[in-house]
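Working notes for the structure below.
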Amino acid sequence: MRIGILQCGQSPAQLKEGLGDYPDMFLRLLAGRGFEFRNWHVEEMEFPQDIHEADGWLLTGSRHGAYEDHAFIPPLEDLIRRIHDAGMPMVGICFGHQIIAQALGGKVEKFAGGWAVGTQDYDFDGQTVRLNAWHQDQVTRRPAGAVPVGSNAFCENAALIYGDRAFTVQAHPEFEDAFVQGLMDTRAKGVVPQDLLDLAAERMDEPKDTGLLADRIEAFLKAPRTAATQTTTDKGAA
């Protein structure tokens with residue numbers, strides 16, 4: 001199965017050489033699961049010519065806000081809607097989670113409650129799942145048809161499922177602790193409150209459930225799909 005990675009951002013230059021760029025992290029996360037990968041750097045305006053150049057799609061994180069005025073966002077939203085309407089599977093992580101929701105009629109905002117940084121615990125259908133996170137923006141209004149399957153007290157819409165069309169997660173199962181530490185060292189100063197950085201440092205070595213999320217992503221991408229519809233995306237919201 002060929003997975004098209006839609007790269008929406010990139011690793012800081014100081015971390016890229018040692019820890020890799022965002023597509024590299026997903027290749028490691030999903031290694032040995034029978035996937036082939038091809039990357040399009042949509043942040044740099046590199047888009048697939050046809051949605052059938054891949055069998056499924058994965059949207060990465062980004063330092064950008066989904067609601068910001070960047071040249072790549074309108075064509076990316078259009079691509080998301082075309083993939084969705086064709087019945088092809090999409091997985092979105094962090095920014096990918098947010099831009100899919102926004103493209104399908106939801107709302108993304110800079111969350112008034114602040115940042116989630118480092119180790120976070122989520123309730124996934126009654127199961128506690130521990131993952132790394134790095135975000136201030138959140139999906140604050142779900143699109144019609146999006147059902148929450150993961151949440152915590154800080155992030156109500158931490159994971160969403162859109163039938164068999166999309167599975168999206170706010171946290172970063174692809175981020176290893178070393179990369180989170182690198183972000184704390186290179187991007188956090190003067191941006192993330194020090195008490196949150198201190199707490200992230202305290203919890204840094206706690207085991208993460210990245211394998212569980214990789215299992216869920218694999219199962220979603222490989223699941224049998226229902227027949228595609230040609231209807232226009234419903235812009236209503238839950």
Query raised in the report: What residue, among those in the range 207-236 that are of a type in the set (A, V, I, L, M, F, W, C) and in a loop (DSSP other than H, G, I, E, B), is modelled with the lowest pLDDT?
Result: Ala228
Query raised in the report: In the range 138-177, what residues are surrounded by fewer than 24 Cβ atoms within 10 Å (Cβ to Cβ), in a strand (DSSP E or B) and polar (S, T, N, Q)?
Result: Gln138, Thr140, Ser151
Query raised in the report: Restricting attention to the range 78-119, and to residues there that are in a helix (DSSP H, G or I) and charged (D, E, K, R), which single residue is surrounded by the fewest Cβ atoms within 10 Å (Cβ to Cβ)?
Result: Asp78
Report task. Within the range 52-71, track down each residue that is of a type outside the set (Gly, Ala, Ser) and surrounded by fewer than 22 Cβ atoms within 10 Å (Cβ to Cβ). Result -> His52, Glu53, Asp55, Arg63, His64, Tyr67, Glu68, Asp69, His70
Query raised in the report: What are the pairs, 6+ residues apart or on separate chains, where a residue within the range 128-155 that is more than 19 Å from Ala166 (Cα to Cα) has its Cβ under 8 Å from a residue that is among the basic types (Lys, Arg) and not in a strand (DSSP E or B)?
Result: Arg130/Lys208; Leu131/Lys208; Asn132/Lys208
Query - Matching residues, the range 165-190, being of a type in the set (Val, Ile, Thr) and closer than 22 Å to His97 by Cα - result: Thr168, Val169, Val180
**Report entry** Selection within the range 150-178 - over 16 Å from the mean Cα position of the chain (by Cα) and not aliphatic (A, V, I, L, M)
**Finding:** Asn152, Phe154, Gly163, Asp164, Asp177
Report summary line: For Ala214, the lone unmet condition from (1) within 17 Å of Cys94 (Cα to Cα); (2) in contact with a strand residue (DSSP E or B) (Cβ under 9 Å, 6 or more places away or on another chain) is (2)
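The values are calculated or read from the model by the stated rules, or taken from the named source; none is laboratory data. Predicted, not measured: the structure shown is a model, and the values here were computed from it. Reconstructed Cβ throughout: ideal geometry from the backbone, glycine too, with neighbour counts over all protein chains shown.
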